[in-house]
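Notes for the one structure printed next.
The values are calculated or read from the model by the stated rules, or taken from the named source; none is laboratory data. These figures come from a predicted structure and were not determined experimentally. Cβ atoms come from the backbone with ideal geometry, glycine included; neighbour counts cover every protein chain shown.
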């Protein structure tokens with residue numbers, strides 16, 4: 001049984017077709033790179049995967065059940081989305097790190113926090129920093145840490161290294177690859193063709209609102 005399956009899914013924005021008749025099966029432990037021209041529907045595909053938007057037609061199945069059978073909150077605890085432009089709320093990094101614990105009504109696990117920051121070449125001194133004073137790359141890494149405090153079953157990544165320098169991009173790539181090795185299913189939009197093939201086992205190409213191919217790499 002597929003972990004996540006799109007069954008003839010289409011999405012329209014008013015009368016404009018954004019995605020058309022998407023048939024895709026995503027297996028547990030997949031690392032799928034998603035490529036294609038700008039405006040082809042890649043980000044919309046990830047938004048559908050995370051139930052941020054609902055399909056106009058068709059069904060999305062997660063672990064054998066239709067998305068409509070889950071509450072959005074329940075789904076988003078299992079399927080995490082990191083946007084190309086990271087969104088941090090509140091005034092401090094600490095508020096963002098506290099949030100995943102708060103919504104689950106559990107005490108903050110300081111060991112988890114202490115373990116994650118060094119993985120992204122950051123120190124816990126960042127916890128006291130104002131989010132407004134962070135660079136784009138720092139915000140992106142904080143958003144990733146926030147998503148990984150409770151490991152999701154599926155991690156959706158929308159060009160998350162676009163604001164990072166080469167060194168930090170490589171750091172993030174290595175972390176994501178290790179998470180995949182630990183059993184997290186990865187869907188990653190990238191325009192970097194070398195990056196798209198470096199770790200992925202499948203390459204999903206979306207063009208003109210449709211799936212052009214799903215290539216098995218390894």
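Counting only strands (runs of 3 or more DSSP E) that sit completely within region 1-103, those holding 2 or more residues that are touching a helix residue (DSSP H, G or I) at 6+ places or on another chain (Cβ under 7 Å) and farther than 23 Å from residue 216 by Cα correspond to 79-82.
Take region 123-147 and flag every residue that is buried (at least 16 other Cβ atoms within 10 Å of the Cβ) and touching a residue at least 40 places away in the same chain (Cβ under 8 Å). Break it down stepwise before answering.
Kept after step one, since they are buried (at least 16 other Cβ atoms within 10 Å of the Cβ), are these residues of region 123-147: 126-127, 131, 134, 137-147.
Residues satisfying the conditions are 131, 134, 139, 140, 142, 143, 144, 145, 146, 147.
Scanning region 196-218 for residues that are in contact (Cβ under 8 Å) with a residue 40 or more places away in the chain and more than 23 Å from residue 151 (Cα to Cα) returns 197, 203, 204, 205, 206, 207, 208, 209, 210, 211, 212, 214. The set of residues in region 26-37 that are surrounded by fewer than 18 Cβ atoms within 10 Å (Cβ to Cβ) and under 17 Å from the mean Cα position of the chain (by Cα) comprises 27, 28, 29.
Taking residue 120, is it within 17 Å of residue 140 (Cβ to Cβ) and crowded, with 17+ Cβ neighbours inside 10 Å? So residue 120 passes the test.
Could you check region 104-122 and list, in sequence order, the residues that are in contact (Cβ under 8 Å) with a residue 24 or more places away in the chain and under 21 Å from the mean Cα position of the chain (by Cα)?
Within region 104-122, 104, 112, 113, 116, 117, 119, 120, 121 meet the criteria.
Among the residues of region 171-195, those identified as more than 14 Å from residue 148 (Cβ to Cβ), in contact with a strand residue (DSSP E or B) (Cβ under 8 Å, 6 or more places away or on another chain) and either surrounded by fewer than 21 Cβ atoms within 10 Å (Cβ to Cβ) or free of Cβ contacts under 8 Å to residues at least 40 places away in the same chain (or both) are 191, 193, 195. Looking at region 1-17, which of the residues that are within 21 Å of residue 82 (Cβ to Cβ) and crowded, with 20+ Cβ neighbours inside 10 Å is nearest to the chain's Cα centre (by Cα)? Looking at the filtered set, the residue picked out is 4. Out of 167, 194, 173, one residue alone is outside any loop (DSSP other than H, G, I, E, B), farther than 20 Å from residue 116 by Cα and modelled with pLDDT under 95. It is 194.
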